[in-house]
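To start, the structure under review is shown below, and the notes come after it.
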Amino acid sequence: MKNKNSFVLSALLLFQLSFLFNYSLVAQSGACVMVEWSENYGGAFDEGANDVIPTADGGFLSVGFSRSSNNMVTQNQGKADYWIVKVDSLGVLEWQKSYGGSENDIASSVVQTPDGGYLVTGGAVSFDVNVVGNHGAEDVWVLKLDGQGQLEWAKTYGGSLNERAESIIATLDGHYLLTGYSESFDDDVNDNFGDFDYWAIKININGDLLWEKNFGGSQSDFCFDAKSTSDGGFILVGSTFSDNQNVSDNNGFYDYWVIKIDAGGNLIWENNFGGTLEERAYSLIVLPDNGAIIGGTSNSSDFDVSGNNGNYDFWIIRVDATGNLIWEKNLGGSSEDRAYALTLLADGTFLSAGYSSSNNGDVGYNFGSVDAWLIKMDIDGNLIWEKNLGGSKEDRLYSIAQTRSDGYIGAGLSASNDNHLPDNFGGRDLWMISLSPDSLAINIGNDTTLCFNENLVLELEMDDITYLWSDGSTEPFLSVGQSGEYWLEVDLFGCLARDTINVDYLTETGVSLGNDTILCAGQTLLLSFDLPGAEYEWRDGSMNDSFLVEIPGNYWVTIYKNGCEQKDTIQVDYTSIEISFDDEAFICEGETLLLDVEHPQATYLWQDNSTQPVYSISGPGTYWVNLTQNGCLFSDTVQVDFQDGPDSIFAAHQYICENEGIWFDATFPGATYEWQDGSTDPLFKAVQPGYYEVAVNINGCIFREKVDLIACEKCLYIPNIFSPNGDGINDDFLTAATCDLIDYHEVVFDRWGNLVFESFDPSLYWDGTYKDQKADLGVYAYLITYFLENNGTLKPQERSGTVTIIR
């Protein structure tokens with residue numbers, strides 16, 4: 001379509017938009033998350049948090065590890081210690097404690113107890129200082145602390161190999177469930193299915209072991225989180241490499257593995273989810289219906305995983321109360337993105353936290369290197385908002401929780417000292433960040449009415465924001481030239497705001513006859529307008545408000561209103577295609593019938609939903625095609641009759657033995673036959689090796705089958721002399737098999753009946769030695785037995801004789 005405007009009036013209206021934070025005219029598009037405070041805690045070496053919880057006094061407590069003994073860290077027992085950090089509601093440090101021994105001891109999870117104290121768990125490799133009773137390698141280590149972090153008791157659980165707890169939760173009966181993984185099969189661990197298993201242990205407030213259970217298969221199975229269900233049971237999530245024992249399936253490498261156990265630790269159901277590459281589930285939340293949302297990471301794009309944005313993505317799935325998949329979503333960009341924590345919010349939505357190395361796809365921004373990444377979703381899997389947090393170096397979140405003020409507290413580690421990170425004490429620091437919902441609003445002016453040939457330029461200049469206009473453009477301005485609703489959405493580091501303006505014109509703008517078009521044969525096109533007070537002039541001089549197109553051609557109209565003139569033109573063409581199939585066709589099995597309906601710029605739909613212009617038929621049925629060209633539909637149908645061939649005649653016959661006869665049966669109703677020797681009976685008996693062929697004629701369709709039978713005696717060549725003198729010529733007694741031999745057994749005896757050589761493989765040879773000495777010259781007897789498989793039957797074979805050694 002060509003659009004020409006020749007109006008006398010022309011005006012340019014420029015609206016300078018204001019960025020008004022306290023103006024509430026615009027509806028908020030998603031929550032805007034703002035940083036209340038962000039603090040690093042640590043010393044000169046590495047620290048990090050694996051879990052954070054809001055505490056009863058309004059503050060927060062995080063647990064993880066520390067390798068330092070300076071700045072905020074007042075003590076270190078050696079290598080990595082459990083590090084417990086308590087802060088007030090503003091992130092001000094109240095107290096911190098280090099517990100451990102001379103090896104690596106790392107805390108994974110914490111829960112507050114009814115007495116105001118805490119239970120902290122993780123893994124301990126040490127066997128000294130605070131760690132007493134280590135069973136060997138790494139043990140699950142639980143600390144009971146009072147409200148000020150003083151140690152009340154500490155206990156280890158495990159066996160002689162490696163155990164670790166990744167999660168601790170309070171149970172509905174007032175006890176505590178620890179979940180992680182175990183490699184042992186002794187001491188506290190009563191079972192092991194192979195390698196690492198999911199390990200669940202239940203303790204009371206005094207640390208007494210109530211029960212323990214292993215779940216898994218023969219490969220590695222790692223549990224990372226567990227939550228209670230309303231029936232007193234638990235859902236456990238992690239990853240599995242197994243496909244046996246408790247694990248019913250595996251899609252390839254590590255899958256998400258989700259299990260449900262009852263209050264006594266008995267397995268109720270299990271299910272795995274993933275693709276052919278790697279999936280790791282790190283966290284879950286249980287919904288009111290006892291279903292669950294599970295978060296982790298995936299780099300697959302098949303089986304349960306619908307897509308991949310590149311490298312590892314956040315992979316979030318929802319299952320029902322019996323472990324069936326409801327939905328799954330990949331979120332991320334082209335680099336590595338991993339979700340480590342989930343928390344259910346009071347409004348029924350949920351947060352997922354982890355880290356991202358991307359700056360594309362679903363990830364709107366990256367401050368440099370690795371950022372903490374936070375997303376909010378509804379329980380149907382729709383992304384509500386996403387936000388990057390961090391600085392120019394490595395920053396990660398491993399835990400997230402909702403606060404009493406409906407904000408969020410996150411914890412992890414950070415190496416940055418800019419942007420959201422105020423300071424860095426050296427290496428990686430333990431990092432806590434408090435976030436609160438905020439609002440962002442803009443106003444792009446009042447609705448307005450313009451003359452149809454006037455332009456409106458909407459413009460906004462503001463630092464650190466990105467733009468999205470209603471037409472998809474991303475510049476700071478938008479030029480408006482026709483009636484409609486226009487909106488601007490701005491993004492300030494993940495905080496979104498939108499405003500809308502309606503623009504009307506005194507007369508309809510952009511007079512349009514539509515796009516150039518191609519009609520089907522017999523169709524008409526009505527060109528019409530409903531513009532009160534306007535005058536019309538068509539190409540034939542008519543002045544009606546409509547025009548009926550019945551033949552191809554170039555059509556134009558000029559419209560006059562309020563002294564304004566507009567003209568538009570449309571080209572109309574027609575198309576027609578003929579498809580001609582025979583009504584009926586006949587093919588033999590093994591033959592094909594090609595139907596070719598190729599036409600330029602056409603699309604095709606066959607009865608089986610295939611879309612190619614050429615269709616190959618190899619069986620009976622009704623075949624049809626719908627051909628569409630320029631929106632026009634053309635169809636044709638053919639009925640194909642088909643002659644089936646006989647079943648296999650020679651089956652799996654390969655060999656024929658001496659004095660054996662094999663009957664071949666080519667019988668087929670209504671058929672005639674011709675064998676290789678000219679005989680015409682349906683049955684033929686083979687009595688010797690050689691080539692056999694039959695042609696079966698069924699309703700004019702010739703079906704041929706052939707076989708070349710090998711004499712059983714030719715399947716194994718056995719020499720009768722060899723000279724083991726080391727000259728490289730005929731040095732070994734070696735048989736040569738020309739057929740597939742089953743259960744081969746060869747024995748060689750000297751003249752006194754001593755067994756000098758035995759083999760179960762025809763490719764193995766006798767080198768002429770006996771008891772590491774050269775065997776005497778002379779004659780040796782051999783006996784060789786084996787089976788030949790013929791048409792599913794094993795034929796026993798025996799060969800015996802003598803072989804002579806010469807030198």
Filtered residue count, segment 212-235, keeping only those that are part of a loop (DSSP other than H, G, I, E, B) and within 19 Å of residue 140 (Cα to Cα): 2
Only one residue in 316, 261 is under 18 Å from residue 235 (Cα atoms) and touching a Lys or Arg at 6+ places or on another chain (Cβ under 6 Å), so which one is that? 316
What strands (runs of 3 or more DSSP E) completely inside segment 490-595 contain at least 2 residues that are among the polar types (S, T, N, Q)? 495-505, 553-561, 564-575
Checking the structure you have, find out if any residue of segment 104-119 is touching a residue at least 12 places away in the same chain (Cβ under 8 Å), on the phi > 0 side of the Ramachandran plot and open to solvent by less than 10 Å² (accessible area, probe 1.4 Å). no
Subset of segment 625-654 that is farther than 14 Å from residue 603 by Cα and aromatic (Phe, Trp, Tyr) - its residue that is nearest to the chain's Cα centre (by Cα): 642
Output yes when any residue across segment 601-619 is free of Cβ contacts under 8 Å to residues at least 24 places away in the same chain, in a loop (DSSP other than H, G, I, E, B) and touching a Leu at 6+ places or on another chain (Cβ under 7 Å), and no when none is. yes
Mind listing just one residue for me: the one in segment 321-359 that is open to solvent by 20 Å² or more (accessible area, probe 1.4 Å), within 18 Å of the chain's Cα centre (by Cα) and of a type in the set (D, E, K, R) and, of those, farthest from residue 385 (Cα to Cα)? 336
What residue, among those in segment 268-283 that are more than 14 Å from residue 320 (Cβ to Cβ) and aliphatic (A, V, I, L, M), is most open to solvent (accessible area, probe 1.4 Å)? 277
Taking interchain pairs and intrachain pairs at least six residues apart, which have beta carbon atoms under 6 angstrom, with the first residue in segment 59-83 and farther than 22 Å from residue 119 by Cα and the second aliphatic (A, V, I, L, M) and assigned to a loop (DSSP other than H, G, I, E, B)? 68/44; 70/44
Just wondering, is there one or more residues in segment 645-662 that are out of contact with any Pro (no Cβ under 9 Å at 6 or more places or on another chain), open to solvent by 20 Å² or more (accessible area, probe 1.4 Å), modelled with pLDDT of 90 or more and among the hydroxyl-bearing types (Ser, Thr, Tyr)? no
When segment 306-329 is examined, which residues are found to be over 15 Å from residue 282 (Cβ atoms) and among the hydrophobic types (A, V, I, L, M, F, W, C)? 319, 321, 325, 326, 327
If only one of 622, 628 is part of a strand (DSSP E or B) and surrounded by 11 or more Cβ atoms within 10 Å (Cβ to Cβ), which one is it? 628
Show the residue pairs meeting these rules: Cβ distance below 8 Å; 6+ apart or different chains; first residue within segment 462-475 and closer than 18 Å to residue 387 by Cβ; second residue of a type outside the set (D, E, K, R) and outside any loop (DSSP other than H, G, I, E, B). 464/492; 465/490; 465/492; 466/490; 468/488; 468/490
Could you look through segment 663-697, keep only residues that are closer than 23 Å to residue 797 by Cα and assigned to a loop (DSSP other than H, G, I, E, B), and pick out the one that is least open to solvent (accessible area, probe 1.4 Å)? 689
Return a yes/no flag: does segment 82-100 have any residue that is assigned to a loop (DSSP other than H, G, I, E, B) and over 25 Å from residue 435 (Cα atoms). yes
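Residues are listed down the side, and each one gets a yes or a no for (1) within 24 Å of residue 194 (Cβ to Cβ); (2) assigned to a loop (DSSP other than H, G, I, E, B):
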residue	(1), (2)
250	yes, yes
259	yes, no
268	yes, no
276	yes, yes
282	yes, no
290	no, yes
311	no, yes
In this structure, does residue 131 turn out to be in contact with a Phe, Trp or Tyr (Cβ under 8 Å, 6 or more places away or on another chain) and outside any loop (DSSP other than H, G, I, E, B)? no
Hits in segment 459-484 - residues which are of a type in the set (Val, Ile, Thr) and either open to solvent by 40 Å² or more (accessible area, probe 1.4 Å) or closer than 17 Å to residue 497 by Cβ (or both): 465, 466, 474
For segment 126-159 the number of residues that are within 25 Å of residue 399 (Cα to Cα), surrounded by 22 or more Cβ atoms within 10 Å (Cβ to Cβ), in contact with an Asp or Glu (Cβ under 9 Å, 6 or more places away or on another chain) and not aromatic (Phe, Trp, Tyr) is 6
Tell me which residues, restricted to segment 172-196, are more than 32 Å from the chain's Cα centre (by Cα) and small (Gly, Ala, Ser). 174
Sort out which residues of segment 360-397 are assigned to a loop (DSSP other than H, G, I, E, B), open to solvent by less than 20 Å² (accessible area, probe 1.4 Å) and closer than 20 Å to residue 328 by Cβ, and write them in order of number. 363, 381
Could you grab me the full set of residues in segment 107-129 that are farther than 21 Å from residue 227 by Cβ, among the hydrophobic types (A, V, I, L, M, F, W, C) and modelled with pLDDT of 95 or more? 124, 125
May I ask you to verify whether residue 487 is open to solvent by 30 Å² or more (accessible area, probe 1.4 Å) and modelled with pLDDT of 80 or more? yes
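The values are calculated or read from the model by the stated rules, or taken from the named source; none is laboratory data. If you're wondering where the values come from, they're calculated on a predicted model, not measured in any experiment. As a convention, Cβ positions derive from the backbone with ideal geometry for all residues, glycine included, and neighbour counts pool all protein chains shown. When the accessible area is computed, the model is the full protein with side chains, heavy atoms only, and any ligands, DNA or RNA have been set aside. Shrake-Rupley method; radii C 1.70, N 1.55, O 1.52, S 1.80 Å.
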